[in-house]
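Undergrad: Sharing a structure below in structure tokens format, with a few things to ask.
The values are calculated or read from the model by the stated rules, or taken from the named source; none is laboratory data. In this text, all values refer to a predicted model and were calculated from it rather than measured experimentally. Here the Cβ positions follow ideal geometry from the backbone for every residue, glycine too, while neighbour counts run over all protein chains shown. Note: accessible area is taken over every heavy atom of the protein model, side chains too, but ligands, DNA and RNA are not part of it. Shrake-Rupley method; radii C 1.70, N 1.55, O 1.52, S 1.80 Å.
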Amino acid sequence: MNKRKGILIVVSGFSGAGKGTLLKSLVSKYENYQISISATTRSPREGEKEGREYFFVAKEKFEDMISKGEFMEYAQYVGNYYGTPKKYVEDRMKKGKDVILEIEIQGALQIKKNYPDALLLFVVPPSILELKNRLLNRGSETMELIESRLRRAKEEAMGIEEYDYIIVNEELDFSVEELHHVIEGAHHMTSRNMEWIREMREQLTEEVKGE
Ligand code: 5GP
């Protein structure tokens, strides 16, 4: 088939659905993935490092980047800005990587509109009780913040149909495989291989020329 072109992949899901762990595990198991690093105005959580989880920037700097058109998409989430740096993603896609954007739904919808080839995946926990437990067990957040994340989940649940696939994250290893297979499947879609299909048709035409 085609020399593989990188796919732009959007992964959203409720905060606490386990997207972060799922994606880290996917990337460590398979070489073709690259997770994009976003810019945000929120403060680093304990253990987070500049340039690893996020580029942590001040609000003024973020707004300056917006005005210069440096984001593929950006959105506000629970009082902070989050955005995907265009250059970071484009550079990696040129190298043939499947670039994963772990972003919330407003950003996902901007990507869907501006990059119609993107694959949109939504990760959910096996149940809402499980979601609540995971948020509580994180321990790093106040009850108020947890409640605002649950309210946000309720809103995001209304937009799930905009996504191409849903991944139920119950058992990590299983979900990693499922995610990988869905993306592999996308590489085989006819619409992503038209160049190769045309070449094959030309070759067939050559083969039967004399008939
Ligand atoms: P957190 O503060 O928990 O790291 O992230 C909060 C939410 O922001 C998550 O749903 C995460 O997926 C989303 N997010 C992270 N980076 C971006 C981004 O660049 N753009 C958008 N639209 N959302 C993002």
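Undergrad: Which members of the range 75-102 meet the condition of being out of contact with any Leu (no Cβ under 9 Å at 6 or more places or on another chain) and within 20 Å of SER28 (Cα to Cα)?
TA: Matches in the range 75-102: TYR88, ARG92, LYS95, GLY96, LYS97.
Undergrad: Right, here's the next one. Answer yes or no: is there a residue in the range 56-70 that is within 14 Å of the chain's Cα centre (by Cα), assigned to a helix (DSSP H, G or I) and of a type in the set (S, T, N, Q).
TA: no
Undergrad: Also, quick follow-up: Taking interchain pairs and intrachain pairs at least six residues apart, which have beta carbon atoms under 9 angstrom, with the first residue in the range 165-185 and of a type in the set (Gly, Ala, Ser) and the second in a loop (DSSP other than H, G, I, E, B) and crowded, with 17+ Cβ neighbours inside 10 Å?
TA: SER175/GLY18; SER175/ASN169
Undergrad: Can you find a residue in the range 110-127 that is open to solvent by 60 Å² or more (accessible area, probe 1.4 Å), assigned to a strand (DSSP E or B) and out of contact with any strand residue (DSSP E or B) (no Cβ under 7 Å at 6 or more places or on another chain)?
TA: no
Undergrad: Within the range 29-40, can you find the residues that are open to solvent by 30 Å² or more (accessible area, probe 1.4 Å) and within 15 Å of the ligand (Cβ to nearest atom)?
TA: Selection gives GLN34, ILE35.
Undergrad: For the subset of the range 160-189 comprising residues that are under 14 Å from SER12 (Cβ atoms) and of a type in the set (Ser, Thr, Tyr), which member is most open to solvent (accessible area, probe 1.4 Å)?
TA: The selected residue is TYR165.
Undergrad: Let me ask something else. Tally the residues that are of a type outside the set (D, E, K, R) and in contact (Cβ under 8 Å) with a residue 12 or more places away in the chain, restricting the search to the range 132-145.
TA: The total comes to 3.
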